[in-house]
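The values are calculated or read from the model by the stated rules, or taken from the named source; none is laboratory data. This is a predicted model, so every value here is computed, not measured. All Cβ positions, glycine included, derive from the backbone under ideal geometry; neighbour counts span all protein chains shown. When the accessible area is computed, the model is the full protein with side chains, heavy atoms only, and any ligands, DNA or RNA have been set aside. Shrake-Rupley method; radii C 1.70, N 1.55, O 1.52, S 1.80 Å.
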Amino acid sequence: MDLLTIVNWMDFAVTMATILFLCSLWYYLYYFTIVLKPVKKFENAKDYYKFGILIPARNESKVISNILQSISKFEYPRDKYEVFVIVESENDPTCEIVKKFGFTTVVRGDLTNRRTKGYALDDAYHYIKDHNLKFDAYLVFDADNVINSDYLIHMNNVKHHGYQVGVGYRSFTNATKNWICATSATLFSFMNQFTSRGRSETFEKATLTGTGYYIDANIVDEVGGWIWNGMTEDVELTTYCYYHNIRMRYYPYARYYDEQPEDRKTLHKQHIRWVWGFFTNRKKYKTGGVVYKPKSKINRFFSIIEYNLSIYPFLVMTVVLLISAIVTFILGCVSIPFEQENSGYIFAHSVYQFSLIYMIFMFVAAFTLAVDNENLKFTVKQCIIIVLTYLFFFGDFLSAFLDGLFHKEKRTTWREIEHKGEIIDQQAVESKHD
């Protein structure tokens with residue numbers, strides 16, 4: 001088989017991967033049209049639900065004041081929410097800070113094989129039950145978050161409309177600080193405005209990303225605690241919601257702020273957890289518990305197909321393109337001494353395939369910024385840099401996959417991520433102080 005035949009077969013594989021990609025990602029093509037429409041705003045509910053706010057905060061004394069200050073500014077009846085900050089030791093300086101704000105500290109007990117965030121939430125849940133406290137829903141935040149004062153009002157309105165899980169808009173305290181913060185924020189913006197909003201308005205589902213959501217208390221009661229306790233408890237809970245037909249709503253008017261990693265080491269830790277958590281077997285979250293009656297069986301059927309497909313078509317296409325581009329480049333090098341007249345043609349194919357990968361990531365970044373830069377607040381220069389380098393940011397996901405593949409302890413052990421608590425975003429500053 002000559003080199004040109006091999007190249008033609010590689011072209012065929014790329015063409016088939018592209019067709020599969022476009023056919024399988026019909027839902028994202030539809031989501032792109034949804035984000036161009038305004039989001040319906042709910043009227044204010046007359047009744048107030050009672051929320052238990054759960055904040056895992058192991059060794060978070062540097063940042064915990066920010067979120068507690070913002071909570072103390074809530075425009076919501078004080079008797080309708082309680083705050084539980086979860087620590088691993090009563091000697092943690094976080095305890096004294098929580099005490100000054102008048103909130104409750106939950107000191108965890110046995111930590112053997114229970115180091116993940118999900119287990120911390122489970123300990124808080126059982127603390128609440130042991131003290132005979134009752135809530136309509138639980139809100140989950142991270143210690144580095146800052147929350148708008150009207151957040152609970154908006155979540156209350158979402159719950160009033162029958163949604164069992166509500167997800168707010170994830171904004172950022174430090175998105176403009178450097179390239180790592182900016183590209184990471186762009187990724188979460190895509191998940192906000194495309195994935196969560198598209199799923200919410202199409203299937204009454206959403207994407208949970210670790211923080212900024214509430215879940216009805218009766219759902220946790222039904223399963224006897226916070227059973228979603230792996231390395232990526234948010235993915236596990238999202239899976240549970242899909243397969244048990246739990247109504248979810250992404251609601252961007254409920255806004256909170258999250259700190260993005262500022263250095264590659266911290267970013268890499270996160271990516272190892274996300275990548276390997278995503279590929280973890282989630283079969284046990286698909287069965288058992290109460291399955292709620294769907295409004296439409298067809299809609300539920302397609303929602304589960306969409307969830308199971310997820311990013312796999314995009315991943316397959318990218319891998320096929322990358323392999324084809326690398327193989328074609330090698331063939332081009334091989335052809336120089338033997339088929340010099342064809343080497344330029346072969347190299348052109350390689351350049352085309354590398355360029356196609358690059359342009360896909362450029363398009364995603366550019367479209368995300370066009371839709372959401374009003375919230376992200378990047379300068380024109382920052383937007384250009386993000387669009388041109390977005391592909392390279394995703395290179396760390398590949399690095400994280402390989403790192404976890406060869407170092408099992410990195411993908412199976414919960415590794416602490418230090419937060420700095422620096423707030424650059426002006427709206428986040430106002431949420432903390434006003």
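Please determine whether any residue of segment 93-102 is in contact (Cβ under 8 Å) with a residue 60 or more places away in the chain, within 22 Å of Gly212 (Cβ to Cβ) and either open to solvent by 20 Å² or more (accessible area, probe 1.4 Å) or of a type in the set (Phe, Trp, Tyr) (or both).
No, segment 93-102 contains no residue that is in contact (Cβ under 8 Å) with a residue 60 or more places away in the chain, within 22 Å of Gly212 (Cβ to Cβ) and either open to solvent by 20 Å² or more (accessible area, probe 1.4 Å) or of a type in the set (Phe, Trp, Tyr) (or both).
Among the residues of segment 24-39, how many are assigned to a helix (DSSP H, G or I) and either open to solvent by 90 Å² or more (accessible area, probe 1.4 Å) or without any contact (Cβ under 8 Å) to a residue 40 or more places away in the chain (or both)?
Residues meeting the conditions: 4.
So the check is Cβ under 9 Å with 6+ separation or different chains; which pairs have a first residue in segment 104-120 that's in contact (Cβ under 8 Å) with a residue 12 or more places away in the chain and open to solvent by 50 Å² or more (accessible area, probe 1.4 Å) and a second one that's of a type in the set (Gly, Ala, Ser) and not in a helix (DSSP H, G or I)?
Final answer for the pair search is Val107/Ser89.
Of (1) in contact (Cβ under 8 Å) with a residue 12 or more places away in the chain; (2) not in a helix (DSSP H, G or I); (3) not hydrophobic (A, V, I, L, M, F, W, C), Asp123 satisfies all except one. Which?
Here Asp123 clears every test but (2).
Go through Phe354, Phe392, Phe378, Phe363 for me and flag whichever is closer than 12 Å to Thr183 by Cα and open to solvent by 80 Å² or more (accessible area, probe 1.4 Å).
None of the others qualify; the one that does is Phe392.
For Glu82, all conditions in the list (1) in contact with a helix residue (DSSP H, G or I) (Cβ under 6 Å, 6 or more places away or on another chain); (2) closer than 30 Å to Asn157 by Cβ hold save one; what is the number of the exception?
Single failed check for Glu82: (1).
Could you please tell me which pairs satisfy a Cβ distance under 7 Å, a separation of 6+ or placement on different chains, a first residue in segment 219-236 that is within 26 Å of Gly404 (Cα to Cα), and a second residue that is part of a helix (DSSP H, G or I) and open to solvent by 30 Å² or more (accessible area, probe 1.4 Å)?
Asn229/Tyr119; Met231/Arg273; Met231/Trp276; Thr232/Arg273; Thr232/Trp274; Thr232/Phe278; Val235/Phe278
Given the criteria open to solvent by 60 Å² or more (accessible area, probe 1.4 Å) and either in contact (Cβ under 8 Å) with a residue 24 or more places away in the chain or of a type in the set (Ser, Thr, Tyr) (or both), does Pro77 qualify?
So Pro77 fails the test.
Conditions: (1) closer than 28 Å to Ile19 by Cβ; (2) touching a Leu at 6+ places or on another chain (Cβ under 8 Å); (3) loosely packed, with under 15 Cβ neighbours inside 10 Å. Val334 meets all but one. Number of the miss?
Just one mismatch for Val334, condition (1).
Only residues in segment 253-269 that are free of Cβ contacts under 8 Å to residues at least 12 places away in the same chain and open to solvent by less than 10 Å² (accessible area, probe 1.4 Å) count as the first member; pair them with residues that are of a type outside the set (Val, Ile, Thr) and in a loop (DSSP other than H, G, I, E, B), Cβ under 6 angstrom, at least 6 apart or cross-chain, and list the lot.
Partner pairs satisfying both residue conditions: none exist.
Do we find a residue being in a loop (DSSP other than H, G, I, E, B), closer than 23 Å to Trp226 by Cα, under 27 Å from the mean Cα position of the chain (by Cα) and charged (D, E, K, R) anywhere in segment 81-102?
Scanning segment 81-102 turns up at least one residue that is in a loop (DSSP other than H, G, I, E, B), closer than 23 Å to Trp226 by Cα, under 27 Å from the mean Cα position of the chain (by Cα) and charged (D, E, K, R).
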